[in-house]
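J.: Take this structure first; my questions come after.
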Amino acid sequence: MGVDAFETTINVAKMFVIFLMMVQAVPVLVWLERRGSAFIQNRFGPNRVGPLGLMQLLADAVKFLFKEEFLPKKAVAFLYYAAPVIALVPGALALASIPLGPPIEVAAFEMLGRQMGPYVFKLQGYDIGIGIVFILGVSSLGAYGLLMAGWGSASKYSLLGALRASAQMISYELALSLSLVGILLVYGTFNFYEIIAQQQGPLRFMFWGKENVISWLPNWGVFFNPVGMILFAASTFAEANRLPFDLPEAEGELVAGFHTEYGGFKMLMFFIGEYGHMIVASALLATFYFGGYGIPFVSPANIETFFHAQGFGLTAASALTALVSHLALLVKVALFLWVFIWVRWTLPRFRYDQLMDLGWKSMLPWALANVVVTAVWLLVANTK
Amino acid sequence: MNALFAVILLAIIIITFGVFLLVVSGRLGPKRQHSAVKDMPYESGLPGTDTKDTKVSVKFYLTAILFIIFDIEIVFMYPWAVTYLDSVKAGAGIYLLGAMGVFILLFVIGLIWEIKSKALEWD
Amino acid sequence: MPAMTEALLKVSLNHYLVLSAILFTLGMLGVLLRKNVIVILMSIELMLNAVNITFIAFSRYSGNIDGQVMVFFVMTIAAAEAAVGLALAVLIFKRFKEVNIRYFEHLRG
Amino acid sequence: MLELADYTFYFLAALVLISGIAVITAQNPIFSALWLALTMIGVAGIFVSLDAWFVAGVQLIVYAGAVMVLFVMVIMLFDLRHEIHAFSRGILSGFLKLASAGIVLGLIVGTVYRSAETVFAPPPVETDKMADVTKALANTLFTKYIFSFEVIGVLLLVIAIGAVTLSRIRGGTHASHD
């Protein structure tokens, strides 16, 4: 068949690893959220189980596992049980298409008496040429999980919460996808690798057909499209149903929104989906506006040459470069995730009409203006 | 391995994992015990009323309709956005900007109309 | 496996066309057999999707990008049709508390 | 020799057809809508197998993400849980309808197999060339079809105004007074 068994194995294993990464990140994030909230509010938070309370989530998970099954009367069983499974899908599918580091080159080697390689493994689940369009498409499927949960559990709070959630999600999806048009105009490609490659080195921009360089700033997208960055970040809060946009589960009004009737592991699965949204949003923010896995002023090629000079072989140097770059991305993502948690205790919740007004009457026009201004600016800047 | 197969594979992995979790947590938990109160949907402790009477604002579906229309307009901007820089460098930027300018103008007219006609008003 | 069967199973343009034909017929059956306006609208979407498959398949096998542009337009029209169709369905429901297709004949004047 | 791409096609075709049948046979409209969403996702996969990545993405965004969400929302709004007359009745008309659908299917499939040679795919597009496909699409859209593109803009404006106006109508000759 011409398909290399070794390569296929690695590629399949990558899927599992990336999915497990998302699932594993959730307990850490929940711990961070609870400890962070406690820190901001000047209290202790979970600190009993294990060092710093790190084992708390393990204990919670075990407790969740041993909960009694529950199905409300009149509930549509199929929808009720399918909804949490569906809620897992968009986040993981989107995360797998974001590059987590530069590709690893593996030099040819001999295994079991057979000549293998050379290979290039990308640090992502699958490389899709249309990157961001795929992510937008997949994350727009997120509404189904909510609607199925809301309808399936045959409860008023759930139905209202689901309708609110999906109306909010679709409203902010407009601002989200429109704010990305600005950055696509600047880079002229959907491909994440090309976008990241264009963000390396010092800040370089065209003006009246002449190239200018500002040597003390990295060449990040945020300097080309600051308004787009702010709009994108704000609408991801709404997409992930986080405060100040957590209307779907406003405790004071709707008990818990669409997952009112859920408990145990089923609720945890909704949580995983929600945190998956946050992780994807942070990774996208880093990729589009903050150089992705790139370290400011240092290109991956430089890192690799450095490791070569230290006496590492091709494979080892490449793997180490990928590791270092991946850590850079991880730092950025962690920073944005912390902002997500921070904002939760800084801003109060919106009212529903304010939320819709903000989405449709402020953010949409601003995003549109951003597109027009960027287009005109590009035209002016590149004309001699 | 092509990307389409990879996407399908990952989707299958996720769904299998989810179903596995459902089954495991269903098996491990205590035996389900029915009672009239427990099986009732939660309504803050008040006696539940029939869900058929739930009145939902028609605003929700109006929002969804407007979302479809604006979403398509934004989707049309995506191919334009990727090809714009190339065209600007090739000297055809004015033409593309004009083509999209008319489209954006129609978009703005629609948006202003919706705002003026109070279709986006939630009260 | 005999070579004949294998030649039939190897995916070619015809496979896509037949798939599209079956999908189109399903949509047609839905329009003919169902009475709920919303389900009829969904069946129309099914038929439009079948046509889109044909467009893309021909575009791919003849190396001509125009088919993809056409699919773009078809999607737009389909979405617009769904928006207006559902607005009508909501009107029907408000008056008759049911969305049966036979109430559409009252939509005059 | 069948390859991975062939098996992927058969998987997607089965997905599309099974969910398509479920759309028109489901008694409950909400299940119809959810099955149709699955059909749309399958069709997006079919597009991808034909290397139309961008159109597949648009299919996901517009159809699966927007149109079907609208359908699901409207059905939830109506609470159309129980439907008594899901199918039209009448044995003769039902037979005629089935027969006409069968004839259409037979005609199309017959034509396909009588007229077309078995055409196999040209080599697939490389991942890093996919951007070029999108750019070619954009160039065709903004040169050859520029007029249609602007007309679509006008159409969408009209739809936006029309749908809102329609949803405002109340009363009329057949208004129920309750």
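The values are calculated or read from the model by the stated rules, or taken from the named source; none is laboratory data. Just so it is clear, the model here is predicted, and its values are computed rather than measured. So basically every Cβ, Gly included, is an ideal-geometry build from the backbone, and we count neighbours across all protein chains shown.
J.: Answer yes or no: is there a residue in the range A:79-98 that is in a loop (DSSP other than H, G, I, E, B), modelled with pLDDT of 85 or more and surrounded by 19 or more Cβ atoms within 10 Å (Cβ to Cβ).
T.: For the range A:79-98, residues in a loop (DSSP other than H, G, I, E, B), modelled with pLDDT of 85 or more and surrounded by 19 or more Cβ atoms within 10 Å (Cβ to Cβ): present.
J.: Now a separate question. Name every residue in the range A:320-351 that is within 14 Å of chain B (Cβ to nearest Cβ) and either in contact with a helix residue (DSSP H, G or I) (Cβ under 8 Å, 6 or more places away or on another chain) or acidic (D, E) (or both), in order of residue number.
T.: If the condition is that a residue be within 14 Å of chain B (Cβ to nearest Cβ) and either in contact with a helix residue (DSSP H, G or I) (Cβ under 8 Å, 6 or more places away or on another chain) or acidic (D, E) (or both), then A:F350 is the only one that fits.
J.: From A:T346, A:T321, A:T315, A:T305, grab the single residue that is out of contact with any Phe, Trp or Tyr (no Cβ under 7 Å at 6 or more places or on another chain) and surrounded by 14 or more Cβ atoms within 10 Å (Cβ to Cβ).
T.: A:T315
J.: Can I ask one more? Among residues belonging to the range D:117-153 that are among the acidic types (D, E) and not in a helix (DSSP H, G or I), point out the one that is modelled with the highest pLDDT.
T.: Filtering first and then ranking leaves D:E117.
J.: Kindly list the number of the only condition in (1) in contact with a Pro (Cβ under 8 Å, 6 or more places away or on another chain); (2) charged (D, E, K, R); (3) farther than 29 Å from A:K63 by Cα that fails for A:K266.
T.: (3)
J.: Facing another protein chain (nearest Cβ under 7 Å), β-branched (V, I, T) and in contact (Cβ under 8 Å) with a residue 12 or more places away in the chain: which single residue out of D:V69, D:V48, D:V62, D:V43 fits that description?
T.: Within the list D:V69, D:V48, D:V62, D:V43, the selection yields D:V43.
J.: Here are some conditions: (1) more than 10 Å from chain A (Cβ to nearest Cβ); (2) over 20 Å from A:A83 (Cα atoms); (3) not small (G, A, S). D:V55 meets all but one. Which one does it not meet?
T.: (1)
J.: Mind listing just one residue for me: the one in the range A:124-143 that is assigned to a helix (DSSP H, G or I), among the small types (G, A, S) and within 7 Å of another protein chain (Cβ to nearest Cβ) and, of those, nearest to the chain's Cα centre (by Cα)?
T.: Restricting to residues being assigned to a helix (DSSP H, G or I), among the small types (G, A, S) and within 7 Å of another protein chain (Cβ to nearest Cβ), the top hit is A:G137.
J.: For the range A:352-382, which residues satisfy the criterion of being facing chain B (nearest Cβ under 9 Å) and loosely packed, with under 14 Cβ neighbours inside 10 Å?
T.: A:D353, A:Q354, A:V376
J.: OK, next. Return yes when D:L156 is at pLDDT 75 or above and over 30 Å from B:V58 (Cα atoms) and no when it is not.
T.: No.
J.: Sticking with this one: In the range C:1-35, which residues are within 13 Å of D:L36 (Cβ to Cβ) and either more than 8 Å from chain D (Cβ to nearest Cβ) or touching a Leu at 6+ places or on another chain (Cβ under 9 Å) (or both)?
T.: C:L23, C:L26, C:G27, C:G30 - these are the residues of the range C:1-35 that are within 13 Å of D:L36 (Cβ to Cβ) and either more than 8 Å from chain D (Cβ to nearest Cβ) or touching a Leu at 6+ places or on another chain (Cβ under 9 Å) (or both).
J.: Let me ask another. Please pick out the residue among D:Y63, D:Y10 that is of a type in the set (S, T, Y) and over 22 Å from C:F73 (Cα atoms).
T.: D:Y10
J.: When you go through C:F72, C:F58 one by one, which is the residue that is more than 8 Å from chain D (Cβ to nearest Cβ) and under 25 Å from D:W53 (Cα atoms)?
T.: Answer to the check: C:F58.
J.: Between B:S25, B:S35, B:S44, which is modelled with pLDDT under 80 and facing chain A (nearest Cβ under 9 Å)?
T.: B:S44
J.: Another one. Out of the range B:70-88, which residues are more than 8 Å from chain D (Cβ to nearest Cβ) and under 14 Å from A:L379 (Cα atoms)?
T.: B:A81, B:Y84, B:L85, B:S87, B:V88
J.: Could you please find all residues in the range D:1-29 being more than 7 Å from chain C (Cβ to nearest Cβ) and modelled with pLDDT of 85 or more?
T.: Across the range D:1-29, the qualifying residues are D:Y7, D:T8, D:Y10, D:F11, D:L12, D:A14, D:L15, D:I18, D:S19, D:A22, D:T25, D:A26.
J.: If a residue must be in a helix (DSSP H, G or I) and over 23 Å from A:L178 (Cβ atoms), how many such residues does the range A:196-245 contain?
T.: 1
J.: Modelled with pLDDT of 85 or more and buried (at least 16 other Cβ atoms within 10 Å of the Cβ): does that describe A:Y119?
T.: It is false that A:Y119 is modelled with pLDDT of 85 or more and buried (at least 16 other Cβ atoms within 10 Å of the Cβ).
J.: State yes or no: is C:K97 in contact (Cβ under 8 Å) with a residue 24 or more places away in the chain, within 30 Å of D:S167 (Cα to Cα) and basic (K, R)?
T.: Against the criterion (in contact (Cβ under 8 Å) with a residue 24 or more places away in the chain, within 30 Å of D:S167 (Cα to Cα) and basic (K, R)), C:K97 does not qualify.
J.: Being crowded, with 24+ Cβ neighbours inside 10 Å and without any contact (Cβ under 8 Å) to a residue 12 or more places away in the chain, is that true of even one residue in the range A:131-142?
T.: yes
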